[in-house]
1. Applying a 10 Å radius around every beta-carbon, put B:171-180, B:450-459 in order of their mean neighbour count, most first.
2. Under 5 Å between amide H atoms, partner at least 5 residues away or on a different chain: which partners does B:L784 have, H built in plane at 1.01 Å?
3. Could you give me the ³J(HN,Hα) list for the stretch B:121-138, computed from phi with Karplus coefficients 6.51, -1.76, 1.60 and θ = phi - 60°, whole Hz, x at Gly and Pro?
4. With no solvent and one point on each alpha carbon, what is the Debye value of log10 I(q)/I(0) for the stretch B:120-251 at q = 0.09, 0.11, 0.19 Å⁻¹?
5. In whole Å, how far is the Cα centre of the stretch A:121-189 from that of the stretch B:627-679?
6. So if we plug the beta-carbon distance of A:K121 and B:N817 into 1/(1 + (r/R0)^6) with R0 = 25 Å, what FRET efficiency do we get, rounded to 0.05?
7. Amide H of A:E56 versus every other amide H placed in the peptide plane: which residues, excluding those fewer than 5 positions away on the same chain, fall under 5 Å?
8. Given charges of +1 on the Cβ of Lys and Arg and -1 on the Cβ of Asp and Glu, with all other atoms neutral, how large is the dipole of the stretch A:127-176 about its Cα centre, in debye to the nearest 20?
Amino acid sequence: MREQEFQKENNNLLSSSNLANESLFAHVREEIMKAPLSPASNRTAISIKDIGQIAEMSLPGAWGPSQEKNGFGATGSYKEFAPGGVPDVHLGFFYRGRQISSESGDSFNRVLKGSPHQLSKDELDALSPMLRGMNQAELFDLKSASTGDINGKRVLLLSGTNLASGLETQTIFIEADREGRVVQEIEYQAAQDKFQIFQSDVQKAVRSIVWK
Amino acid sequence: MPPESSESQLRRPSEAETEPSASALRNEALAPKVRDSETKESSFVTKSLHATDSDISALAAPKQGPKAETRKEPAKPAAASKAPELVENTPAAGAAAEVKTQSPKAPSAAEIAANAFSDYQKRMEAAFTASDANGDQYLSLGEIAAASRNAPSDQMGAYKELIENFSRIKDLKNDEWGWESQISKEDLRIYLKEQKENRSKIADIREMSNWASENYDKTDSFRDGFLSLEELTSRYNDKNISPAEKSVLGKVIANYQGLEDAHDDEFGFENDGPTKADFLAYKEQFEATAEAKSLGELDLATEKAALLEKVKNDPRFDDAARKSLQANMKDLETRAMSSNMDLKQVAETYFHARRLLDNPGTEPLSALDNALLSTQIVESAAHPERLDQGSHNTCNVNSLETVVFYKSPAVAAELIANIALSGRHLLKDGTSVAVDKDSLAKDADSLLLPTPEGARSYASQLFQIAAVNAYYAKFSPHIKYEQRASTGAGDTGERLVDYSRKPPVEVLEDGVPARHPMFAADQVFETLKILQGKAARDSVLFAAGYGYDTGRGTMLESKEEFKQTLDTLKKEGRFPVVLSVNTVMEPFWSDSGGGLAGGSGGGHVVVITDYLDGKVLCDNSWGRAKDHLSKERGIDVHDLYIAMQSRPEKAIAMLERDVKWNKENKTVDIFKEFEIVRLKRAAGQINDQSMYEQLGKAYIDTQASWEKLKAENKLDPKEQERVRKLVGQSLEGMAPDMRLALGELILRAPGEKLISPEQSKEMLARIFDSLAEGIISEGNRGSLDQGKRDTCLSYMQKIEEQLALLPDPLKEDFKKNHIRPVEEKLTAAWRLGQPQVAAKTELAAQAVRVRPARSEKNVEKQEKHEAAKPSHTAGSVKPKPSHSVSKNESKKENKSPKKSVRK
């Protein structure tokens, strides 16, 4: 009975005559209103707004801005947040300040278009100019490279250890245009003994991203 | 081998003398000079070497000492399947590279030089014969010029040389009645003989100069800045030096007196031995003579032959790498012939490229690295427009590198080769530049082979680090510029270190380490000057704010002055020059990514390569796609002048004047109107609300003007498409609320829409999908933030209002492809949001994060396995497989009678 009702409803929805009279989002609203609300404590988080493709996101209250640098490749920028008083832990928002080559951009675009997967060596090689040495064994101990979604946006995640700093590193590469050439990065770095401790903060922060 | 000239005086050890004594060499050095009675006297020539054919052989190749026989055979060439680049750094290849790479059957340097001379002689004689139209055995300038018009391209160099040196050649033999007015065969014979001798001199001088650059400090055991004969002799007798170095040292000792006299740097008599400056002056003085200036063709032919012979059997090169090198050599020679570049620049570039190949590699560089650098030097010289800054803050140094490679590639080649071989380089004023070993290690860019577009090559890494250090060595010797491995995003690895402090500290800028060269226009100018030995004031251009009017570069006060300067540079053939620009302005803002991924505008440096009909051709260091090197891609001189302003306020004022002029002349340039608003926001002159209002006004005005043009049948669809694309991009970079507000304004305002209905739908869909995904993923975790819920509901209201303004088919499409899937996901999300399910999903999601998507069949099995492991990843990425996961979960949940899933 219920399924028949849905079928009927679907037909109605697709009928243009009904579009003018019925709210398109009625059911979505209804579903949203069903959701239990989270505890108010979440709202004490600091809010980060308008960084590249990120319209908004929140970080736990203990975190704060730690440094900001502009001028990478003339137009790039780096904004860093860190938990107060804790050295060797930070979350950075980075743009290299210039587009990558169309060849690398196409490769990035292709990698993201496929279903979520662990990247092959060939795929990583094709992305080399974008990865800042993260697939170079001399510079980075790469543990995993895979694609996945953050709030509906397909991204590339690389994890491993930066050999120069010794910091555990997770970098999210975000396609900011539609051609894979403008690449935004979010990088979480922490000393080995602190990495897991602050990981949940970073997880929450990344989950809170509202994309533009 | 051609016969040895009996008239030439041997002043360096011949091949027959395997190891002449140092005193014998000195005696030769101090012996009175004998000149060829037939040649004209030249003050510098008398001081320089008189080498013979047999000497040439010893010049181009290291002397084969007794140890040569014990050298290993060259390893086999690497696999030919490799891309057109050097063989990878495999142990086998490395071992091969460590051995002497010259094939035993390869012709000697003397034979190569003799063959090159023979070919050159034939070309010159052929040009003589072809030019002698009346057959009188005498050539007038007119005859040569006339013949050169029909000359084949490979003969052009010979005609060019005859024309350029006509005055000198015709006077060589007194064989005409009265004034010497034409070139006779005898004149040419003497000239060719001189050429041969001078060519061997320049080869010797190059070797001595490079020896000094690499070994001066090691030899100067008294540390007094002078090389005494005692010090030179001691080094000469050192059993550990290579035969090649011994050979060059022999030449240094033989020319001891000439060298120490070259630069006036002693009180009274020059008798303490050559200084570093003496070596440089010795070379410069010879190069300044007419004899040396005419050497281009022969010098190039000889060095080219020697380089090609060198790589012929070099196991570090496969066929593709050899072909690539040859193609770049051809491109370089074509570039040199079509410009006013001295061919000796090309010859010397090849000399340094070969010098690197001769050297087994000095820690931390390997022989393979040397071969890599050798090919990259030739490529950079052939195509300076390909040089890019990569992931470094070196647009300024990259620009000056581009200029040096364009104008005097040999200077760049020598710098790179010296740094690679010894970590040191001697500037033309005698200042020594040193680069630390760590900075010579390949970084993330230079490890990429072949160098991809936009990345910085290894050769450029060495050039750029050395160039910055050249500036500091001269002006602030306690500062060193170093390259380290990047520690993460936001760190290019560049370090500017103050060694006057103990311990050394990084130089600060605004309280934080300045991790860039700290070069404004003045420093770029000074560096160009110290590297090239000279720089015209207008070789660096900038507007106020990017330097001071101190004569170090040209500060341009107006657009007219800019145009005038460009006209002059064009007329005098003096491009390329360096230009400071501001990337917050177009076209650089769009070229950089237009703020889509964050970032902010700032100072940048590019290279102007030409000026054509009001368009300025610019080479940008962000990759070839961002160059403006064709007339079509060239930047309007007016727009470029706006982009040169360091302060957006000044650019805004200029753009406002343009817009006003447009209005008075009843035209509209929508780009400029948008640009004004964007720049005002960037400069902090307006807030988001004002930006919205001003952009809104510009949108409405444009739509109205389009409507008018449409009515007049003057609306250009191409222009419309261009503007729509721009507006679409601009909206994509805005926050969702701003996008929604402006989108609605566009849809509601009358006139031709600034964005198409399809673009509107796409924009709304992106906002909705993003919002919904945020809500869904919150739901998957069991609860929803109230603020997020309210924002979402509010946005949905606005989206719905705008959808109502779109045609029905688009609404239907939106409903089907966006709303319906979200409804389904939301329903599933709330149920998955139950605590126990949420925990399971989280673990499953984490598991997928670190592995490829799994087949549904194995999902549960893998989940169990992963659940047993501790979480390691940041959970920041929620992989879609939740396709697989949520589908699976949904199927299970569908069995529940309590919840419904719309199908």
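1. Working: B:171-180: 12.9, B:450-459: 23.7.
Listed from highest to lowest mean packing, they are B:450-459, B:171-180.
2. Excluding prolines and chain starts, which carry no amide H, the hits are A:L37, A:S38.
3. Listing the rounded values in order: 4, 5, 5, 5, 5, 5, 5, 5, 4, 5, 7, 7, 4, 8, x, 8, 6, 10 Hz.
4. With one equal scatterer per Cα and no solvent, log10 I(q)/I(0) is -0.46, -0.58, -0.95.
5. Going from one Cα centre to the other spans 37 Å.
6. Plugging the Cβ-Cβ distance into 1/(1 + (r/R0)^6) gives 0.10.
7. Distant-sequence amide H within range of A:E56: A:D50, A:V210.
8. 120 debye
The values are calculated or read from the model by the stated rules, or taken from the named source; none is laboratory data. All values reported here derive from a predicted model rather than from experimental measurement. FYI the Cβ positions are ideal-geometry reconstructions off the backbone, even for glycines, and counts take in every protein chain you see. These area figures cover heavy atoms from the full protein model, side chains too; ligands, DNA and RNA do not enter into them. Shrake-Rupley method; radii C 1.70, N 1.55, O 1.52, S 1.80 Å.
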